[in-house]
Amino acid sequence: MSKNAILNIIELIRNSGSAVKETDLYALLPEQLTKDDFEKELSELEAAGKLQRLDDLVLKERKKIHDENKAISRKLFKDNYSYLRIFSFLPWVRFISLTGSNAFESCAKDDDIDLFVITAADRLWLVYVLIVVLSKLLGKRPFFCFNYLIDEKNLSIDRQSYHNAVQIYMMKPLFNNNYKEELYKHNQWIKDYLPNIAESNTLDDFYRLRSDFNSRKIRSALITKFNDWIFGKYQARLTQKYPAAINKGILLGKGYAKLHQNDKSHMYDKMMTYEVQK
C-alpha cells in the first residue's frame, strides 16, 4: 500500500501546482511506516521512474512551479502583513494560522488568504463581527477568508477525515504556536490518519505576526449573552441564505464556525484508494 499512498499524495500535491518536501510527504502518509522503509519506498519509486527528487523536494520537474508559487504565497502574505497584524491584536483572538494553498505555499496570483482562528471562550461571534466590520473598513472583504473559527472550549473538531487532518498538520501559525500543539492533544484522531507526524512544531519566523502571549481570562455574563445573541442572528441569516449547506458545508455553533463550503475535501477522498483502519 505504501507506494500507492505515496503516489496518491504526490499526485494531490501536483494538482495543487506544487512539489512536496520529503518530511511532509512522510508525515502525510495515512499508514505507519518507519523512516528507513519510507526512504526505501522512495528510492524504489525513483528507480522505476515514478518520481524524481531534488534536494529535499519530491517532484523535481515541479521545482520551478513550486518556487514560483512559494514566491507568490510569501508576497501575498507580506503585502497583507499589516492587515493580518491588526487582526492578531483584536480582543479575544488567541491564535491565527494560514490554511489551504497559503499554508502549502502553492498560491496563484489571484488567490485570497484562508485563515483558521481560535478565540477566547464564548467570544467567537464577537470576534467574527469585529473581523467582518474591520475587513470592510479596510476594503479587504472578502479577500480575507476566515473559514474556520473555534473557541478555547471547542478545540475538539468533530469532522474527522484525512482532509481535515492534513489541513491541521499543514497550517502555518502566525503566533501562539502552542495552540497547534493543543489541537493535536484534543484531536487524537489526527494520528489515525497521519500516524507518522511529530507533535512538536516550530513557528516559521517569516510568518510571525507578533510575539506569543498568555491571555487574561475575563469573565462577563453580559458579554457572553451578547456573543450568543450575535450567534443567533448569524445562525438565522445563514440558515435562510444557505439552507442546503447547513450541517454539511457550513457548520455553526456558539463555539465553532466552518464557513467555507468549497474546501476541496473531495480531492483528498478521491486520491486515497483505501480507508484508514481505526
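No lab work stands behind these numbers, since they all come straight from the coordinates. From a predicted model like this one, the values you see are computed outputs, not experimental measurements. Neighbour counts are summed over all protein chains in view; Cβ atoms, including those assigned to glycine, are modelled from backbone coordinates with ideal geometry.
Counted by neighbouring Cβ atoms within 10 Å, the residues Phe95, Phe206 run from fewest to most as Phe206, Phe95. Remark: relative contact order (region 26-148) = 19 percent; criterion is Cα-Cα distance under 8 angstrom and separation of 6 or more residues. For the chain, averaging the sequence separation of C-alpha pairs within contact (under 8 Å, six or more residues apart) and dividing by the residue count gives a relative contact order of 22 percent. Taking all Cα-Cα distances within region 2-67, those exceeding 14 Å account for 52%. A crude spin-label estimate for the pair Asp110 and Lys185, with each label 7 Å from Cα along the Cβ direction, gives 4.4 nm. Label sites at Gln235 and Ser82, each approximated as a point 7 angstrom past Cα along Cα to Cβ, lie 4.0 nm apart. In percent, rounded to a whole number, the relative contact order of region 2-67 is 41, using alpha-carbon pairs under 8 Å and six or more apart. Radius of gyration (Cα atoms) of region 160-253, expressed as a multiple of 2.2 N^0.38 Å: 1.41. For the chain, the 222 nm mean residue ellipticity estimated from helices alone, with every DSSP H stretch of n ≥ 4 adding -39500 (n - 2.57) and the total spread over all residues, rounds to -14000 deg cm²/dmol. Once the Cα-Cα distance is subtracted from the 0.36 nm per residue extended length, the Asp192 to Ser211 segment shows a gain of 3.6 nm. Averaging 1/r over every pair of different alpha carbons in the chain and inverting the result gives a Kirkwood radius of 19.9 Å.
Of Cys145, Cys107, how do they rank once you tally other Cβ atoms within 10 Å and put the fewest first?
Cys145, Cys107
Result for the chain in a Gaussian network model with C-alpha springs under 10 Å: among Arg141, Arg123, Arg216, the largest mean-square fluctuation is at Arg216. Taking every DSSP beta bridge that has both ends in the chain, the antiparallel portion is near 70%.
What you get for the chain, charging only the Cβ of Lys and Arg (+1) and of Asp and Glu (-1), is a dipole of about 1440 debye around the Cα centre.
Whole angstrom only: what separates the Cα centroid of region 128-156 from the Cα centroid of region 192-263? Here the answer is 9 Å between Cα centres. Binning all Cα-Cα separations of region 54-161 at 10 Å, short to long from zero, yields these whole-percent fractions: 13, 40, 29, 15, 4.
Neighbour counts of other Cβ atoms within 10 Å put Trp125, Trp189, Trp92, Trp229 in the fewest-to-most order Trp229, Trp189, Trp92, Trp125. Beyond 18 Å in Cα-Cα separation lie the following of the pairs Lys225/Lys248; Lys75/Lys109; Lys153/Lys191; Lys225/Lys254: Lys225/Lys248; Lys153/Lys191.
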